Amino acid sequence: MKKVSTILFLLVLFVSVKGFSQAAPPADFFAGKWEITIFGTPDGDAKLVTELIRKDGKLTGELKDPTGKRPEAIPITKIEEEANKLTIYFVAQGMDINVNLDKVDDDHLKGSLLGMFDSTALRIK
């Protein structure tokens, strides 16, 4: 009887430890507010602010000029998302534009606009 009690105790202990040690599901890294800076454009360095929101399993949002020079928001047409990479597509001045951004750390992304202009993104808290 003592062996059965010991085995049951160990089994309950194992199940309890296993249940509490489960890792929390990963946070939605790319969702949130970001300030994107594009360096060296013909108009100089450009800044855009976006708040990426997950709807129906996909990220969506719009780009805004924080300086107020362009009051209308630019709709994001598509977002491709991988584990550590994000590509944002939008239309500006009649051209399809994409910004590729790779995760640097929890608050920074780095990449390029159209593969020509360096860009960074900073999480706004």
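The values are calculated or read from the model by the stated rules, or taken from the named source; none is laboratory data. For clarity, every value in this text was computed on a predicted model and none was experimentally measured. For accessibility, only protein heavy atoms count, side chains too; no ligands or nucleic acids. Shrake-Rupley method; radii C 1.70, N 1.55, O 1.52, S 1.80 Å.
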For the stretch 55-125, the percent of all C-alpha pairs falling in each 10 Å bin, from 0 up to the bin holding the max distance, is 18, 50, 30, 2
Averaged per residue, what accessible area in Å² does the stretch 64-112 show with a 1.4 Å probe, protein chains only? 67
